[in-house]
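**Q** Input: one structure, supplied below.
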Amino acid sequence: MRYLLLGLAALTIFSASGCYSFKGISIDYSQVKTYFVDQFDITALNAEPTISIRLTEDLKEKIRTESRLTLEEIDPDISFEGTVTRYTVTSEAPQPGEVTSINRLTIEVAVQYINNVNEEKSWERKRPFSFFFDFGTSQALADVEEEAISTISQQMMEDIFNAAFTDW
């Protein structure tokens, strides 16, 4: 009898957990079918020259892999426009003797989300998204830049995707 009750309890938990999704994507695929990501601009000083291409492609890939939307350049249902507004390295974690032990690369973008199907879901103005990557002062930015940009981009694309497509 005890095993029967345990089995029923386990079955209830497993079947109930299938009703919820942690993604929370709220795209009405009956109305929204296509998207476009315009090439990001760069206004940040000292930005790595190919950062705009990297961020544009990363956002396209994020939407392609996490939704059922199709990339379409002409008359898309939704579109994104972005600008790299900040690309800075700062010193963090000061140590005695006016020395720092950590450098921080911070990248910020301003993104406009335009929903041509439901204009109420569009963002009135560009929204800022930023993230950072810490690295030791014994390392040169050039040595960690690829890893840093990848880490920062991954988090920013997640934040942009969630802001555009979830109702959380």
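The values are calculated or read from the model by the stated rules, or taken from the named source; none is laboratory data. This structure is a prediction, so every number in the text was calculated from the model and none was measured. Here Cβ is always computed from backbone atoms with ideal geometry, including for glycine, and neighbour counts include all displayed protein chains. SASA here: full protein model, heavy atoms, side chains in, ligands and nucleic acids out. Shrake-Rupley method; radii C 1.70, N 1.55, O 1.52, S 1.80 Å.
**Q** Highest first, please rank the peptides 116-125, 81-90 by the mean number of other Cβ atoms sitting within 10 Å of their residues.
**A** Per-residue mean Cβ counts within 10 Å order the peptides as 81-90, 116-125.
**Q** Here's another thing I want to ask about it. Order these peptides, 47-58, 68-79, 32-43, by their mean beta-carbon neighbour count within 10 angstrom, highest first.
**A** 32-43, 47-58, 68-79
**Q** Over segment 79-168, what number does the Rg to Rh ratio reach, with both radii from the alpha-carbon atoms and Rh per Kirkwood?
**A** 1.12
**Q** Another question, if that's okay. How much accessible area does Glu66 have with a 1.4 Å probe, in Å² rounded to the nearest 10?
**A** So the heavy atoms of Glu66 present about 50 Å² to solvent.
**Q** Right, another one. Using a probe radius of 1.4 Å on heavy atoms only, what accessible surface per residue do you get for segment 28-168? Whole Å² is fine.
**A** I get 57 Å² per residue for segment 28-168.
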